[in-house]
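Peer 1: What follows is a structure written as C-alpha cells; I'll ask about it next.
The values are calculated or read from the model by the stated rules, or taken from the named source; none is laboratory data. All values reported here derive from a predicted model rather than from experimental measurement. FYI the Cβ positions are ideal-geometry reconstructions off the backbone, even for glycines, and counts take in every protein chain you see.
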Amino acid sequence: EAGVTQSPTHLIKTRGQQATLRCSPISGHTSVYWYQQALGLGLQFLLWYDEGEERNRGNFPPRFSGRQFPNYSSELNVNALELEDSALYLCASSRGGSEGTEAFFGQGTRLTVV
Amino acid sequence: AQSVTQPDIHITVSEGASLELRCNYSYGATPYLFWYVQSPGQGLQLLLKYFSGDTLVQGIKGFEAEFKRSQSSFNLRKPSVHWSDAAEYFCAVGALLTGGGNKLTFGTGTQLKVEL
C-alpha cells in the first residue's frame, strides 16, 4: 500500500511569488493535514481538510490556503512568499471521523524562499 | 491549550546502552499521545501511540513508552540502542477537533546521537 506522497520534494521560489505544494493521501483516508516545520519554530499545525472542506486552521495568515479535491488529494498554496516561509512542509493523512486519530506523514516538501 | 515539553534537546548514548527520552504534556482531557521519529530531511514515522487502556505501549523498532497520568509524562524507552536509531524524536499530543479530526501539538524534539 502506497504511503502519503508529496510533490515536489524541493521547491525554490523568490520572495513575493506563490508556491503550490501537493499531497496524495493513503488510499481510504479522507483527512489531510498540513504542518510547517521551520527552523527554530518546530512543527506547527497549518490546516486540516476533510471530505473536501477546510475544517480547521492553525495560527497562520490567510496567504496560507489550500483545497482538497474529490479524490482527497490536497494542495497547499502560499501566496506572497516571505523569507520566513522557508521550511519543510509536511502532509499527513488519516481516516475520517472518530477513526481519524492516527496520522501518517509524507516525506515533505522543502520550500526555500530567496 | 495543549502543550508538550521535551526537556532534552540532545542526548548521546553508546550503542547497546539503554535509552529514555522524556516527554511531559499538558492537556485538559485524556490525551492521545504519540512518539514520532524523523531522520534528516525526511518525514515523520510513527513509533507508537497511546489512546487508552494499558499504560505501557509497545511500538516498532523495539521502542516502548509508559503513560503516567500523575506525572503528565509519556517517556520513550529502548533497552538497547542501535546505531540506526540516531535521529530526531518528537513527542506529540493530539487534540480532537470538531468533526473528528486530530490536531497534533509537538514538542521541540530530542536529537539522539549514538556512539559506536
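Peer 1: Looking at B:Thr55, is it within 14 Å of chain A (Cβ to nearest Cβ) and either farther than 24 Å from A:Leu88 by Cα or over 13 Å from the mean Cα position of the chain (by Cα) (or both)? It would help to see each step written out before you state the result.
Peer 2: Working: within 14 Å of chain A (Cβ to nearest Cβ): no; either farther than 24 Å from A:Leu88 by Cα or over 13 Å from the mean Cα position of the chain (by Cα) (or both): yes.
When the stated conditions are applied, B:Thr55 does not pass them.
Peer 1: For region A:50-104, which positions are of a type in the set (A, V, I, L, M) and within 13 Å of A:Tyr35 (Cβ to Cβ)? Quick ask: steps written out before the conclusion?
Peer 2: Step one: of region A:50-104, the residues of a type in the set (A, V, I, L, M) are A:76, A:78, A:80-81, A:83, A:87-88, A:90, A:92, A:103.
Listed by number, the residues that qualify are A:Leu76, A:Ala87, A:Leu88, A:Leu90, A:Ala92, A:Ala103.
Peer 1: Then there's this: So, in region B:96-116, exactly how many residues are in contact (Cβ under 8 Å) with a residue 12 or more places away in the chain and either among the β-branched types (Val, Ile, Thr) or crowded, with 18+ Cβ neighbours inside 10 Å (or both)?
Peer 2: The first filter runs over region B:96-116 and keeps only residues in contact (Cβ under 8 Å) with a residue 12 or more places away in the chain, leaving B:96, B:102, B:104-116.
Checking the rest, the ones that are also either among the β-branched types (Val, Ile, Thr) or crowded, with 18+ Cβ neighbours inside 10 Å (or both) come to B:102, B:104-110, B:112, B:114.
Adding up the residues that qualify gives 10.
Peer 1: Got a number for residues in region A:74-114 being among the acidic types (Asp, Glu) and within 11 Å of chain B (Cβ to nearest Cβ)? First the steps, then the outcome.
Peer 2: Pass one, region A:74-114, residues among the acidic types (Asp, Glu): A:75, A:82, A:84-85, A:99, A:102.
Now drop any that are not within 11 Å of chain B (Cβ to nearest Cβ), which leaves A:99, A:102.
Of the residues in region A:74-114, 2 are among the acidic types (Asp, Glu) and within 11 Å of chain B (Cβ to nearest Cβ).
Peer 1: Which members of region B:16-52 meet the condition of being within 17 Å of B:Thr108 (Cα to Cα), within 13 Å of another protein chain (Cβ to nearest Cβ), over 10 Å from the mean Cα position of the chain (by Cα) and surrounded by 12 or more Cβ atoms within 10 Å (Cβ to Cβ)? Working first, answer last.
Peer 2: If we filter region B:16-52 for residues that are within 17 Å of B:Thr108 (Cα to Cα), which is where we start, we get B:20-27, B:33-47.
After this cut, where a residue has to be within 13 Å of another protein chain (Cβ to nearest Cβ) as well, the list is B:33-47.
Of the ones still in play, those that are also over 10 Å from the mean Cα position of the chain (by Cα) are B:38-45.
B:Gln38, B:Ser39, B:Gln42, B:Gly43, B:Leu44, B:Gln45, listed by residue number.
Peer 1: Name the single residue that is modelled with the highest pLDDT among those in region B:80-96 being closer than 30 Å to B:Gln2 by Cβ and over 15 Å from the mean Cα position of the chain (by Cα).
Peer 2: Residues of region B:80-96 closer than 30 Å to B:Gln2 by Cβ: B:81, B:85-96.
From what is left, the residues that are over 15 Å from the mean Cα position of the chain (by Cα) are B:81, B:95-96.
Values: B:Val81: 98, B:Ala95: 85, B:Leu96: 81.
Here the answer is B:Val81.
Peer 1: While we're on this one: If I ask for residues that are within 12 Å of A:Ala103 (Cα to Cα) and facing chain A (nearest Cβ under 7 Å), which ones from region B:85-105 would you list?
Peer 2: If the condition is that a residue be within 12 Å of A:Ala103 (Cα to Cα) and facing chain A (nearest Cβ under 7 Å), then B:Gly94, B:Gly101, B:Asn102, B:Lys103, B:Leu104 are the ones that fit.
Peer 1: Then there's this: So which of A:Gln36, A:Gln44 ends up being assigned to a strand (DSSP E or B) and more than 9 Å from every other protein chain (Cβ to nearest Cβ)? So that I can check it myself, show each step before the final result.
Peer 2: Numbers: A:Gln44 fails: more than 9 Å from every other protein chain (Cβ to nearest Cβ).
It is A:Gln36.
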